[in-house]
Protein chains: 2
Amino acid sequence: MFGTTLYAPGDVRYEELPEPAILKPTDAIIKLSATCVCGSDLWPYRGANTVTAPMHMGHEYCGVVLEVGGAVKTVKPGQFVVGSFVISDNTCPHCTHGFQSSCEQREFMTGAQAQYARVPLADGTLVATDEMPADDLIPSLLAASDVLGTGWYAADAARVQPGSTVVVVGDGAVGLMGVLAAKQMGAGRIIAMSRHKTRQDLALEYGATDIVAERGEAGIARIKQLTNRIGADSVLECVGTQESMQQALQVARPGSMVGYVGVPHGVTFDGQNLFFTQVGMLGGPAPVRRFLPHLMELVLTRKINPGKVFDLELPLAEVAEGYRAMDERRAIKTLLRV
Amino acid sequence: MFGTTLYAPGDVRYEELPEPAILKPTDAIIKLSATCVCGSDLWPYRGANTVTAPMHMGHEYCGVVLEVGGAVKTVKPGQFVVGSFVISDNTCPHCTHGFQSSCEQREFMTGAQAQYARVPLADGTLVATDEMPADDLIPSLLAASDVLGTGWYAADAARVQPGSTVVVVGDGAVGLMGVLAAKQMGAGRIIAMSRHKTRQDLALEYGATDIVAERGEAGIARIKQLTNRIGADSVLECVGTQESMQQALQVARPGSMVGYVGVPHGVTFDGQNLFFTQVGMLGGPAPVRRFLPHLMELVLTRKINPGKVFDLELPLAEVAEGYRAMDERRAIKTLLRV
């Protein structure tokens, strides 16, 4: 089969790879319907994460089950499934508390930018649909695998409530999904920080009520002005840099929560600053599996259309161009049809 | 009148000072019934905070109103009052959200280790009792002013729920009040970290179900063992050092909350560590004013006895000995009768 390997920063190749096989009785093999390139794939692509060995890329996936191990009970060959980018057993205490992304058996999915993929702990990771979904729903179902679930978690961690004033820092795909999530949770006001016209437009379509194009001190001042100097009830930090995190903390009102889902790179906090700011924080890899049944239901009933976040669609064979387009910010997010 | 001044680390004096007077129409002057020495008073006393000018010490207080400014409406001369250590208007947006400790007009109380004190924003800061309380309730009412309210906030910020497993890091007065608060909130299990027999005993009396005497790695291992390797649902960090904060983060299960109320000294966090630990955090100066009516009610109806945390009672004139006893850990907390 063919799949995607990152050899070095900037060097991503579509190449022949060994077909995946059942290794454990809890595994499933799926034939991918679609996969995509994640913002976090750009960290090693850009050299921000060290690449010490060739990496089989891809952790967002949906497709049809081809084969399952002897212990798999909830999914069967022929079913269409969506899985979380974090592999979980969905039965350990952390899973039971809704934090499947910290499962005692946690693994991070890899190798999904390919024709076929092995999914460990299939019962705890995959969710099957009742029937084969319409083709036009594939992008939105794929989004549930990571980017939508991650934006949703940011809003959940930031405790968005009906009527809340929400600020979303970051206009990448996750930030845009954060806007969608906040809207679904009933936020009264959603302020999206974005400088790019196409992203601003999509944010507005997803429910943003205000766009702030300014950054840094000017951006903070603008949000303070928009919120009568109070700050936001909930802030979604969807970038992961020191600057974006500071932005998030400084537009959050005392007692509010920052839900942060951008993997922090070079971010540190001073304890005493954080203390006197009196802003709460909860972040981490999103427990997508918790939200997956609900999100898939919202997609299948066409209540949400997260798939619009994919503004570039390519055949999997052109995966390298998919990375380039995102790296150069020509695309928000690339969908790869398999 | 006489009051307390810190001139330099270790140099605290009971001396004659000018009597306080109404400076603004929102002020009240109170005659102190009792005051006390706070763990945070020890930071400058020990030289951990720089002392650049003589400091009028004391921010925990209760007593009888002597005089009020022309704009004060809710308290009147002759009433017994308890006030928060943070001055607040109790009407601004942050106060309305329950974070009076971040009030737009916030000031920190000072000069309460004295015979008389001026309390700014009296309406937003003080709560009066219906009648003069029994003398034996004075220590518990005084505790509500800061130490009890702070322990309560730690439990509230850590979102203690009925049945929760709670860890309290720190066996100082605030930590002990955290145990009491967790018990009142219905925690199912309360693990107090303490190495000192008298503090362990008080923790048990306040509702601790387990005592962990080990610290550092051994303490973390012991708590993991006690919680079947899951960690706690809520952790109360009541110290403020890097070591205690790390302890708190490492015994908290993914998705749990650490409520931190020890003013951080030299504490920093690495963003990526915090992200993958997936532990939530909310801290800051306690919004005591939010809890004050409820806490005073619990004391006046004798449902709780936080005053037991004072294990040394001295006349105000011996305030210097009160500091020494706490500095040398001969006392958990010193009450000063005025």
Note, ³J(HN,Hα) from phi for the range B:83-93, Karplus 6.51, -1.76, 1.60, rounded to Hz, x at Gly and Pro: x, 6, 6, 10, 7, 9, 7, 6, 10, 6, x
Nearest-ten-degree value, helix B:288-300 long axis tilted from longest Cα axis of chain B: 90
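Give the Kirkwood hydrodynamic radius (Å, one decimal) of the range A:1-81, defined as one over the mean of 1/r across all pairs of different Cα atoms. Working shown, then result.
On the way: mean 1/r = 0.0704 Å⁻¹.
It is 14.2 Å.
Across peptide A:99-105, how many C-beta atoms of other chains are within 10 Å of each residue C-beta, on average? Write down the numbers at each step before the final one.
Working: counts 5, 2, 4, 8, 1, 2, 0.
Taking all residues of A:99-105 together, the mean is 3.
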Shielding of B:85-97 by partner chains, average beta-carbon count, 10 Å: 2
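Tell me the relative contact order for the range B:24-163 as a rounded percent, counting alpha carbon contacts under 8 Å between residues six or more apart. Each step should come with its number before you reach the end.
Values: 274 pairs, mean separation 42.7, N = 140.
Averaging sequence separation for qualifying contacts and normalising by length gives 31 percent for the range B:24-163.
Cα-Cα over 27 Å: which of B:Lys197/B:Lys308; A:Lys24/A:Lys303; B:Lys303/B:Lys333?
Values: B:Lys197/B:Lys308 15 Å; A:Lys24/A:Lys303 37 Å; B:Lys303/B:Lys333 21 Å.
Over 27 Å apart, Cα to Cα: A:Lys24/A:Lys303.
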Under 16 Å from B:Lys76, Cα to Cα: aspartates and glutamates that are on another chain or at least 8 residues apart: B:Asp27, B:Glu67, B:Asp123, B:Asp130, B:Glu131
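Calculate for chain A the 222 nm mean residue ellipticity that helices alone would give, adding -39,500 (n - 2.57) per DSSP H run of length 4 or more and normalising by residue count, nearest 500 deg cm²/dmol.
-8500 deg cm²/dmol
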Rounded Å value of the spacing that divides the Cα centres of the range B:90-168 and the range A:132-196: 38
Loop-resident sites, the range B:20-113, for trypsin sites (Lys or Arg not before Pro), counting at most 13 other Cβ within 10 Å (DSSP): B:Arg46, B:Lys73
Where only alpha carbons of chain B are counted, the Rg and the Dmax (Å): 19.4, 60
Loop-resident sites, the range B:50-96, for chymotrypsin sites (Phe, Trp or Tyr not before Pro), counting at most 12 other Cβ within 10 Å (DSSP): none
Counted charge near A:Pro25, where neighbours are those whose Cβ lies closer than 15 Å (Asp, Glu -1; Lys, Arg +1): 0
Under 15 Å, Cβ to Cβ, from A:Ile87 - net charge with Lys/Arg +1 and Asp/Glu -1: -2
Where GluC sites (Glu not before Pro) in DSSP loops with at most 10 other Cβ within 10 Å are excluded, longest remaining stretch of chain B: B:132-327
Shortest-first distances to equivalent copies, position A:Glu328, nm, label 7 Å out along Cβ: 7.5
Per-residue SASA entry for B:His56, accessible area with 1.4 Å probe, Å² rounded to 10: 90
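Semi-axes of the range A:146-231's equivalent ellipsoid from the Cα gyration tensor, sqrt of 5 times each eigenvalue, largest first, rounded to whole Å? Kindly include the intermediate steps, with their values, before the conclusion.
Values: eigenvalues 68, 47, 22 Å².
So the equivalent ellipsoid measures 18, 15, 11 Å along its semi-axes.
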Inter-copy separations for A:Arg159, label at 7 Å along Cα-Cβ, nm, ascending: 0.7
Largest-first ellipsoid semi-axes for the range A:41-137, taking √(5λ) over the Cα gyration tensor eigenvalues, angstrom: 24, 19, 12
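On alpha carbon coordinates alone, what is the Rg over Rh value for the range A:78-192, Rh being the Kirkwood radius? Kindly include the intermediate steps, with their values, before the conclusion.
Working: Rg = 15.6 Å, Rh = 15.5 Å.
My calculation of the ratio gives 1.01.
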Solvent exposure of the protein assembly as shown as accessible area per residue, Å², 1.4 Å probe: 37
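What is the mean number of Cβ atoms from other protein chains located within 10 Å of the Cβ atom of each residue in peptide A:280-288, rounded to a whole number? Display every interim value, and only then the final one.
Details: counts 10, 11, 9, 9, 9, 4, 1, 3, 0.
Whole-number average of other-chain Cβ neighbours for A:280-288 is 6.
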Angle between chain A longest axis and helix A:197-206 axis [Cα atoms, degrees, rounded to 10]: 80
Alpha carbon convex hull of the range A:224-266, volume per residue in cubic angstrom: 60
DSSP beta bridge pairing in the protein assembly as shown, given as percent antiparallel to the nearest 5: 55
Spin-label pair B:Thr50/B:Asp136, simplified geometry with 7 Å Cα→Cβ offset, distance in nm: 4.9
The protein assembly as shown pair-distance distribution - Cα-Cα, 10 Å bins, rounded %: 3, 15, 23, 22, 16, 11, 7, 3, 0
DSSP bridge pairs, chain A: antiparallel proportion in percent, nearest 5: 55
Portion, in percent, of the accessible area of the protein assembly as shown that falls on carbon or sulfur, probe 1.4 Å: 50
Loss of accessible area when B meets A, both sides summed, Å² nearest 100, probe 1.4 Å: 3400
Cβ-defined net charge surrounding B:Ile223, 14 Å radius [Lys, Arg +1; Asp, Glu -1]: +1
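Kirkwood Rh and Cα-based Rg: tell me the resulting Rg over Rh for the range A:201-286, rounded to two decimals. Each step should come with its number before you reach the end.
Working: Rg = 12.8 Å, Rh = 13.4 Å.
Dividing the radius of gyration by the Kirkwood radius yields 0.96.
Which whole-number value in Å³ per residue fits the convex hull of the alpha carbons of the range B:95-134? Present the calculation step by step, with values, prior to reporting the outcome.
Working: hull volume 4.7 nm³, N = 40.
Hull volume over Cα atoms, normalised by residue count, gives 116 Å³.
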Teacher prompt: A:Ala134 distances to equivalent labels in other copies, 7 Å Cα→Cβ, nm: 7.3
Cβ-placed point charges (K, R +1; D, E -1), dipole of the range B:151-283 about Cα centre in debye, nearest 20: 240
Area of A:Met132 that stays accessible when all protein chains are in place (1.4 Å probe, Å², to 10): 110
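The values are calculated or read from the model by the stated rules, or taken from the named source; none is laboratory data. Bear in mind the structure is a predicted one, so any value in this text is a computation, not a measurement. We place every Cβ from the backbone using ideal geometry, glycine too, and count neighbours over all the protein chains shown. Quick note on the areas: whole protein, heavy atoms, side chains included, nothing else; ligands and nucleic acids left out. Shrake-Rupley method; radii C 1.70, N 1.55, O 1.52, S 1.80 Å.
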